[in-house]
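These notes are about the structure you will find just below.
What follows is calculated from the coordinates using simple rules that are stated; it is not laboratory data. Just so it is clear, the model here is predicted, and its values are computed rather than measured. We place every Cβ from the backbone using ideal geometry, glycine too, and count neighbours over all the protein chains shown.
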Amino acid sequence: MITPIDFSRLQSALASPRNLTELAITLVCLAIAWAIERRIERADRARLEAEIAAGARQAPGARLRGVALRLAFPLIGLVLVYFAASIWRRHVGAPFFLAIATPLLVTLAGIRMLVYALRRLFPGAAWQHATELAVVAAAWLLAILYFLGVLGELGAALADIVIPIGNAQVSMLTIVEGVIVVIVALIIALWVSGLAERRLARASQIDPNLRVVFASIIRITLVVIGVLIALEVVGFDLTLLTVFGGALAVGIGLGLQKLAANYIAGFTILLDKSVRLGDLVTVDGRTGIVSQVTSRYVVVRSLDGLEAIVPNETMVTTTVLNHGYTTPGIRVGIGVQVGYGCDVERALALLVEIAKRQPRVLGGTRAPQSFVTGFADNGINLELGVWINDPQNGQLNLKSAIHRDILAEFAKSGIEIPYPRREVRIVGSVPAPATPGSPGSPGSQPAGSS
């Protein structure tokens, strides 16, 4: 049982040579634990650098290894302090400084685990560092208040403050405890659901949409269960949740229709599999790859790197062009114009031959084909149609490669690619321009004039 520190005994212990020896033993135990932790960190860093150099992906036990690294110092310190306290108690008497080190190490282990859970839940968040500092400061403040014996008095003062909620009388201490327990329960529930989501993400035998559905259900279920358990632990009357449920229903009816519609549409999309991860879609005038499907929105990443967050309601209520809904391949049309005096059959054959050189172009029943599409002012319009099954790799690079080959092959074969030209023809005779001095010219004078 961890008890507050008796500071009157602390003062007398510092004046005793025996207790100073115990303090030195405590510091030696902590120093050994710190040295072992540094050695483990260096070994783990060297192993990680070797894995990165070898091009290996993150090992399955890397997450567990990260937890062990953060708990190495407090756990090793607790073991050393426990054995030192046992020996001291057997040969000298009741320990004092060794007993003080135990709650401090337990507090440090709890803080490190809490910070690690926050980092895993919100990786890369901008507010993560500030939140970690606030959590660490609050945890150490509570620990210090407890060790000083002030926390008990503060709790008694909060228990005397009673707030009427309906027919019940709830103390401020109960509210504070409830908030703390609910936050801890939420962190644990989100952490466990995150582990389950990552486990599902590696289950390749399950459809990607079903994995998102299962992950959402697991997360919602664990969060609800965690909150209910936390409220039950602090003695909260769960019947009061009916009031909250009614208020939530009114809120959905008044102003949260869009949010509720997005969640319902999200589960509809995930279950009917109309849009899957990796599909090439065109929605709201934007074409891109579906990179993420959630219960509220779909992320469409265009080939230029921009990501559009499309609400699920938009995906359900508007027309979505799914370029690979039934088959993964798409057709790419490439237009070209040749002169009227060229060999059109030779040009069509060259277009097919050029397309077959590209490794991305499909063959078989989807082999390249060329067509005459019309007669323009300056030449004959041709079109080369090719099929590819990897539209996520882009179409512009394929078109560029085929256009360059067309320029080279047409030049070798003497096939002209025309450009706009205009011919001006003058019909009828045109009078010769007048020369100076001739009759009717501007500088001429009538005969006999001076």
Which FRET efficiency value, to the nearest 0.05, do you get for Ala156 and Leu133 by plugging their Cβ-Cβ distance into 1/(1 + (r/R0)^6) with R0 = 25 Å? 0.25
Residue-by-residue Karplus 3J(HN,Hα) for region 33-44, coefficients 6.51, -1.76, 1.60, Hz, glycine and proline x: 4, 5, 5, 5, 5, 4, 5, 5, 4, 5, 5, 5
Compute the length gained on full extension between Thr327 and Val106: take 0.36 nm times their separation in residues and subtract their Cα-Cα distance, giving the result in nm to one decimal. 73.8 nm
Using modelled backbone amide H atoms (1.01 Å from N, in-plane), which distant-in-sequence or interchain residues come within less than 5 Å of Ser171's amide H? Ile163
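Say R0 is 56 Å: what FRET efficiency, to the nearest 0.05, do Arg425 and Val352 get from their beta-carbon distance? Display every interim value, and only then the final one.
Working: r = 39 Å, r/R0 = 0.70.
Step by step, r from the Cβ atoms, then E = 0.90.
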Summed over the other residues with a beta carbon less than 15 angstrom from that of Arg331, with K and R at +1 and D and E at -1, the charge totals +1
Once phi for every residue in region 264-274 is put through the Karplus expression 6.51 cos²θ - 1.76 cosθ + 1.60 (θ = phi - 60°), the whole-Hz ³J(HN,Hα) values, with Gly and Pro written as x, are 5, 5, x, 5, 5, 5, 5, 7, 7, 6, 6
Plugging the Cβ-Cβ distance of Ala261 and Val224 into 1/(1 + (r/R0)^6) at R0 = 22 Å yields, to the nearest 0.05, a FRET efficiency of 0.55
So who's got an amide H within less than 5 Å of the one on Thr373, skipping anything under 5 residues away but keeping other chains? H placed 1.01 Å off N, in plane. Asn381, Leu382, Glu383
